[in-house]
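**Student:** Could you have a look at this structure, given as structure tokens, before my questions?
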Amino acid sequence: TVGAFERLFYAQRDVSNFASISITTAGEILFYLEENGQNHSVLSTSVLNPLEWAHIAVTWNSGSLESRIFINGSEVQYAGGLNVSSTGTDSKMAIGSKTDGSQSFTGEIDELAIWSIAKSECEVSFEMNDKKEGTEANLVAYFNFDYGIADGSNPGVDDLQDESLNGNDGTLFNFALSGSTSNWTGSVFDINRWWGEVSTVFIGQLGLVSTINADQFQWIYCDDLTPVSGAIGVTFDPPTQDPNFTGVGDF
């Protein structure tokens, strides 16, 4: 819901180094990133639609000192001015509130992935509906929230497991663990593993973009957005159809 300042994500090493993804009272996304006391925050001009699922991604490039926000796979326009943020508790990460438990999020969250690299817009778009295996390169933490009985009785199911290889498990706080408002609940949004499935837009790690005609396609490389030579069909198998395939990288 929209109407209060809420935290979707908050991680704080100390008061000079922390990151936060928030929803403002108007529904904008605020990505606040502070590194060594320097503010690198950005605020979206676009707003979220209440009671609708949205995919939100933020990236931080420490080399270029660039912060970016993506909503539903596309980078947003940014508002001017200086953004500020309060701080929380050191050496903690929180999903759905600050690390001190304040400014909690009123809504539902399904799937959270944290990476050690800054994904491109192309990669963000392709991976938006892609369920992770947990073994992907550069994946620091991955939470799919697939636990408990949806809207049922879940006493004791208060651990959120990290499905990556890094074991960054979390503990639920202030959840009733019963009913539909403070509990493990069901998602109406499909997040699946994709490979070779027919799509006019995206196929997981593989990029498929439509041309002027809806029945013509061109596969592209995510790293530089260049086309894959000859890959113009609805389906594409890199190992057999891409002469440059090495078994690594994203399409």
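The values are calculated or read from the model by the stated rules, or taken from the named source; none is laboratory data. Being a predicted model, the structure only gives us computed values, none of them experimental. All Cβ positions, even for glycine, are placed from backbone atoms using ideal geometry, and neighbour counts span all protein chains on display. Quick note on the areas: whole protein, heavy atoms, side chains included, nothing else; ligands and nucleic acids left out. Shrake-Rupley method; radii C 1.70, N 1.55, O 1.52, S 1.80 Å.
**Student:** Which of (1) surrounded by 12 or more Cβ atoms within 10 Å (Cβ to Cβ); (2) not in a strand (DSSP E or B) is the odd one out, the single condition residue 51 does not satisfy?
**Tutor:** Exception for residue 51: condition (1).
**Student:** Need the failing condition index for residue 164 against (1) exposed (fewer than 15 other Cβ atoms within 10 Å of the Cβ); (2) at pLDDT 95 or above, just the number.
**Tutor:** It is condition (1) that residue 164 fails.
**Student:** What single numbered condition from (1) touching a residue at least 60 places away in the same chain (Cβ under 8 Å); (2) open to solvent by 70 Å² or more (accessible area, probe 1.4 Å); (3) among the hydroxyl-bearing types (Ser, Thr, Tyr) fails to hold for residue 85?
**Tutor:** (2)
**Student:** Which of the residues belonging to the stretch 58-82 are open to solvent by 30 Å² or more (accessible area, probe 1.4 Å) and either hydroxyl-bearing (Ser, Thr, Tyr) or part of a loop (DSSP other than H, G, I, E, B) (or both)?
**Tutor:** 62, 63, 64, 65, 72, 74, 77, 78, 79, 80, 81, 82
**Student:** Provide a single number: the residues in the stretch 139-177 that are outside any strand (DSSP E or B) and under 14 Å from the mean Cα position of the chain (by Cα).
**Tutor:** 2
**Student:** Can we say residue 184 is at pLDDT 90 or above and either part of a loop (DSSP other than H, G, I, E, B) or open to solvent by less than 50 Å² (accessible area, probe 1.4 Å) (or both)?
**Tutor:** So residue 184 fits the description; yes.
**Student:** Another question, if that's okay. Select, from 110, 100, the only residue that is open to solvent by 40 Å² or more (accessible area, probe 1.4 Å), closer than 24 Å to residue 25 by Cβ and among the charged types (D, E, K, R).
**Tutor:** 100
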